[in-house]
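See below for the structure under consideration.
The values are calculated or read from the model by the stated rules, or taken from the named source; none is laboratory data. Not measured: the values here are computed from a predicted model. Heads up, the Cβs are rebuilt from the backbone with ideal geometry, glycines too, and the neighbour counts pull from every protein chain shown.
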Amino acid sequence: MGTIIQTELQKLKRRKLVWGILVLTTLIALFAFERACSISRKSAIMDSFGDYYTLAFKMLATIYLPIVLGIFATSLFFDEYKNDTLKSLLIVPISKAQLYFSKIAAVLFMSPGLCLYTFILTVFGGVIAGGFPDINGQTVLQAFALFVEGGILVPLAMLPVIFLAVLGRKDYILPIAATLLYLVPVILIPSYLMGIHPLASAINIYRVTSPAAAQMVKNLTQGANITANVTNSLINMILIGCISAALSVIALQRQNN
Amino acid sequence: MNDTVIETKQITKVYGEQTAVNRVDLHVRKGRIYGLLGRNGAGKTTIMKMILSLTSITSGEADVFGKNVKGNEKQVYPRIGAIIETPGFYPNLTGTENLEIFAKLRGTTKPRAVQEALEVVGLPYRDKKIFSKYSLGMKQRLGIANAILHDPELLILDEPTNGLDPIGIAEVRDFIKDLSVERGKTILISSHILSEISLLADDIGIINNGVLLEENSMATLKKKNGKYILLQVSDTAKAALILERKFHTKDYSVQDTHTLHLFDTSLDMAAINKALMLEDISVISSQLCNDTLEDYFKRVTGGEGIA
């Protein structure tokens, strides 16, 4: 399985999509940096390092990353059909389950990779922008924990959309439209969906990471009283993730090549 | 000893209400080149996909190395190299990088396997050109390189010369012949080009509209379709008896009640005509014919012929 995952990453070499994702991620970090530079430290929305890194994280993990991972995962499955490489892989032989999990592994590499990249840019941005009285080892570690959490939870939450990418194997439109539809309710009513919708559940989990993260979740939910249990949210994510993975493998196995 | 590498038993593939392949019995023997000849859409690719278990078989069975591929993938696939339809590769990677991926996935231990496979098909090793910039001919070559990368015993090549220029076709043909003759590979090759198959194949299967019309050795087919005396007579049954009794030959085939092909062309046509007429058999015509394989295929496929 290790070799298959390794080759999955090799296939990404010179991929314009990957470069595009990196550029956009950089832009997100730059946008947060610009906010940090232009907003006074006297303002309540940028008076601590927590405000800065949660701003970067919020933009990255709540909207951007789900969309990007949806597109990325779709392209990983779609391209095997488009390039007509699936047949060659199957007669190696690579099983459909191996194929699925190697793609998921690529998504799992991509997601924390982007989060860590943004984290590094954010820490440097915090130092360069200056004026944060609380920038220290502890807050940097809290930021690191939040970004890592996001890097792992977002792809897990996207497994139902990846299932649709498997179903719409020869079509980009269905999974991308599904990604957007999947995201909209989480943006509108996150607190009501915690423990039900994996992306909303992820937001619920973030809030226990650090005080700054808790404040970020409070802002995201517009101060709503969150009743959903963090453990239940995690169970919800894992359960839906497992069901989606199982359905994806079954769907792949039933597909003709 | 059973030397059959591929054996299909009545394999049928139905898509909706359309039967793409109908009860095909195909036998590919060890060390031989089997040419599957048919027009575009005749069912060649579907047969190959069914053999490789890349598509489900509606009914019938397909065995490779005595085993059904489905359920035995790990034992059977490493012994097979294949190109089905177009050779699929990653467009953002070079030819070498593409082959390195497949070599890694197959667990190829030979250190120079990729380089050697590329050399065999005449593609440069470590070239910087990415696959999306390859010409159709280069893509086909890379497909063949991938098929032979792990030194398989059996090659299944679906129209491997598609898109190649005449020199490229000749090179690939020679190379496929070498693989069979020098390295003892068993090869199942499909094509819609008669000349290609007739130059390459030891055995041939003619498929039309999903039905295998004929399976025979090329030598037998050539014998059947070389020179012959065409006799059109009032009664072929009686004529056949006379040929056997008076001319001591059984080297003929009765086409219908009035047509007979006599393959022993050393016999004297005038003497035959005289003998037949003496036995009250009307001779409508007798002529020396020289059928080409194409004429034969036209007849077998119901006059549609093959390119």
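Out of all the residues in the stretch B:117-136, which are surrounded by 15 or more Cβ atoms within 10 Å (Cβ to Cβ) and more than 27 Å from the chain's Cα centre (by Cα)?
B:Tyr125, B:Ile130, B:Phe131, B:Tyr134
Go through the stretch A:18-100 and tell me which helices (runs of 4 or more DSSP H), entirely inside it, have 1 or more residues that are closer than 26 Å to A:Ser248 by Cα and within 22 Å of the chain's Cα centre (by Cα). It would help to see each step written out before you state the result.
Working: elements: A:49-58, A:65-82, A:86-90.
Once the helices (runs of 4 or more DSSP H) in the stretch A:18-100 are filtered for at least 1 residues that are closer than 26 Å to A:Ser248 by Cα and within 22 Å of the chain's Cα centre (by Cα), what remains is A:65-82.
Of all the residues that make up the stretch B:161-170, how many are within 17 Å of B:Glu119 (Cα to Cα) and touching a Gly at 6+ places or on another chain (Cβ under 7 Å)?
Going through the stretch B:161-170 one residue at a time, the tally reaches 1.
Please go through (1) more than 14 Å from chain A (Cβ to nearest Cβ); (2) more than 23 Å from B:Asn162 (Cα to Cα) for B:Val121 and return the number of the only condition it doesn't satisfy.
(2)
Please go through the stretch A:188-215 and pick out each residue that is hydrophobic (A, V, I, L, M, F, W, C) and either over 15 Å from A:Tyr64 (Cβ atoms) or out of contact with any helix residue (DSSP H, G or I) (no Cβ under 7 Å at 6 or more places or on another chain) (or both).
Of everything in the stretch A:188-215, those that are hydrophobic (A, V, I, L, M, F, W, C) and either over 15 Å from A:Tyr64 (Cβ atoms) or out of contact with any helix residue (DSSP H, G or I) (no Cβ under 7 Å at 6 or more places or on another chain) (or both) turn out to be A:Leu188, A:Ile189, A:Leu193, A:Met194, A:Ile196, A:Ala200, A:Ile205, A:Val208, A:Ala212, A:Ala213, A:Ala214.
Out of B:Val5, B:Val24, B:Val64, B:Val28, report the one residue that is within 12 Å of chain A (Cβ to nearest Cβ) and either crowded, with 19+ Cβ neighbours inside 10 Å or without any contact (Cβ under 8 Å) to a residue 40 or more places away in the chain (or both). Full working, then the answer.
Details: B:Val5 fails: within 12 Å of chain A (Cβ to nearest Cβ); B:Val24 fails: within 12 Å of chain A (Cβ to nearest Cβ); B:Val28 fails: within 12 Å of chain A (Cβ to nearest Cβ).
The match here is B:Val64.
Looking at the stretch B:237-250, I want the residues that are in contact (Cβ under 8 Å) with a residue 40 or more places away in the chain and have a partner that is surrounded by 12 or more Cβ atoms within 10 Å (Cβ to Cβ) with Cβ atoms under 7 Å, at least 6 apart or on another chain. Which pairs are those?
Note: pairs meeting the criteria are B:Lys238/B:Glu279; B:Lys238/B:Ile281; B:Ala239/B:Leu231; B:Ala239/B:Val233; B:Ala239/B:Leu260; B:Ala239/B:Leu276; B:Ala239/B:Ile281.
Assess whether B:Glu119 counts as being farther than 25 Å from A:Arg14 by Cβ and in the same structural domain as B:Ser53 (by TED's automatic domain parsing). Step through it out loud before you land on a result.
Numbers: farther than 25 Å from A:Arg14 by Cβ: no; in the same structural domain as B:Ser53 (by TED's automatic domain parsing): yes.
Answer is no for this residue.
Hey, does the stretch B:187-195 have a residue that's part of a helix (DSSP H, G or I), in the same structural domain as B:Val76 (by TED's automatic domain parsing) and at pLDDT below 90? Give the steps one after another, and end with the answer.
Kept after step one, since they are part of a helix (DSSP H, G or I), are these residues of the stretch B:187-195: B:194-195.
Narrowing the set further to residues that are in the same structural domain as B:Val76 (by TED's automatic domain parsing) leaves B:194-195.
Then keep just the ones that are at pLDDT below 90; that gives B:194-195.
Yes: the stretch B:187-195 contains one or more residues that are part of a helix (DSSP H, G or I), in the same structural domain as B:Val76 (by TED's automatic domain parsing) and at pLDDT below 90.
Restricting to the stretch B:196-228, count the residues that are surrounded by fewer than 19 Cβ atoms within 10 Å (Cβ to Cβ), among the hydrophobic types (A, V, I, L, M, F, W, C) and either modelled with pLDDT of 85 or more or assigned to a loop (DSSP other than H, G, I, E, B) (or both).
3
Could you list, in sequence order, all residues of the stretch A:91-123 that are among the aliphatic types (A, V, I, L, M), in contact with a Phe, Trp or Tyr (Cβ under 8 Å, 6 or more places away or on another chain) and within 8 Å of chain B (Cβ to nearest Cβ)?
A:Ile91, A:Val92
Tell me which of these A:Pro133 doesn't satisfy, since it passes every other one: (1) touching a residue at least 60 places away in the same chain (Cβ under 8 Å); (2) in a helix (DSSP H, G or I).
All conditions pass for A:Pro133, except number (2).
Any residue at all in the stretch B:67-84 that's in contact with a Gly (Cβ under 8 Å, 6 or more places away or on another chain) and either within 14 Å of another protein chain (Cβ to nearest Cβ) or within 30 Å of B:Ser135 (Cα to Cα) (or both)?
Checked the stretch B:67-84: at least one residue is in contact with a Gly (Cβ under 8 Å, 6 or more places away or on another chain) and either within 14 Å of another protein chain (Cβ to nearest Cβ) or within 30 Å of B:Ser135 (Cα to Cα) (or both).
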